[in-house]
Amino acid sequence: MLLLVSGASCVGKTTARLHARHQLDESFETAELFTLGAIPAVPTVAWRQQQVEVAVRRAIDLEAEGKHLLFAGDPVPVGEVLAAPSADRIVVAACLLDVDEQTHLDRLARRGDPEELVPLHQGFATWLRAHATDPGHVPEAVTQDGWSDMRWERWTDRSPGPEWAMTVIDTSPLTPEQVGAEVASWCRRAIAGAAPCFPAGWFERP
């Protein structure tokens, strides 16, 4: 299974990966974009989506060994994973980490992000919240300037419904250790079939 932890900047994705990996058994491997290949001097949307395909293929290879991939640390929305060319060969589970607006602003300030970038981070966080429940919400946010091999038609015209359900974790009140514990627990539930996922049959057009 490919387990995606998505979210905007400063919601705790890398923190989740680093803490969760110590609470998961050896059947889980963890990754984020920089562990899957060199990051170019000027990363592009198309490059990110090509690396998502690398993650999907890694998950497929791991599945053959009876293992799973926890992909966490980058602002990769579930729509990008589901549109990756090879995604129809693996079960995908997706979790969105989110924070309240003030916590988000505080974290961005502590990180020292330029003020002009803060509205962009906030806007993407807002989009991700909508994307978690509605695949038809402004798909151009990720499809524009995207990689030409992506299979956007798999989800851009789907109606919201149970088949698009994702797990959402509010990290606002949580410590880094608690975020890791929540994500590790979600991983175990997903593997056990107790959390929403996108099975292979999902990719067949309704």
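List of remarks:
- Single residue of the range 119-157 satisfying the filter (aliphatic (A, V, I, L, M) and either modelled with pLDDT under 90 or out of contact with any helix residue (DSSP H, G or I) (no Cβ under 7 Å at 6 or more places or on another chain) (or both)) that is farthest from residue 55 (Cα to Cα): 120
- Taking the listed residues 181, 190, the one that is among the small types (Gly, Ala, Ser), at pLDDT 90 or above and closer than 23 Å to residue 56 by Cβ is 190, with no other qualifying.
- Filter pass, residue 202 being closer than 26 Å to residue 86 by Cβ and in contact with a Cys (Cβ under 6 Å, 6 or more places away or on another chain): no
- Residue that is nearest to the chain's Cα centre (by Cα) [pool: residues in the range 162-175 that are farther than 18 Å from residue 91 by Cα and assigned to a loop (DSSP other than H, G, I, E, B)]: 171
- The range 111-133, residues that are without any contact (Cβ under 8 Å) to a residue 24 or more places away in the chain and of a type in the set (D, E, K, R): 115, 116
- Among residues of the range 39-59, those that are aliphatic (A, V, I, L, M), more than 13 Å from residue 74 (Cα to Cα) and touching a residue at least 40 places away in the same chain (Cβ under 8 Å), counted: 3
- In this structure, residue 53 qualifies as in contact with a Ser or Thr (Cβ under 8 Å, 6 or more places away or on another chain), surrounded by 15 or more Cβ atoms within 10 Å (Cβ to Cβ) and of a type in the set (D, E, K, R).
- Residues within the range 83-95 that are of a type outside the set (Val, Ile, Thr), surrounded by fewer than 24 Cβ atoms within 10 Å (Cβ to Cβ) and touching a residue at least 60 places away in the same chain (Cβ under 8 Å), tallied: 3
- Top-ranked residue in the range 170-179 [being surrounded by 15 or more Cβ atoms within 10 Å (Cβ to Cβ) and touching a Gly at 6+ places or on another chain (Cβ under 9 Å); ranked as farthest from residue 12 (Cα to Cα)]: 174
- Residue 108 falls short of the stated requirement of being within 29 Å of residue 163 (Cβ to Cβ) and touching a residue at least 40 places away in the same chain (Cβ under 8 Å).
- One residue stands out among those in the range 176-195 that are hydrophobic (A, V, I, L, M, F, W, C) and over 18 Å from the mean Cα position of the chain (by Cα): the one that is nearest to residue 128 (Cα to Cα), which is 194.
The values are calculated or read from the model by the stated rules, or taken from the named source; none is laboratory data. On a predicted model such as this, the values are computed, not experimentally measured, just so you know. We place every Cβ from the backbone using ideal geometry, glycine too, and count neighbours over all the protein chains shown.
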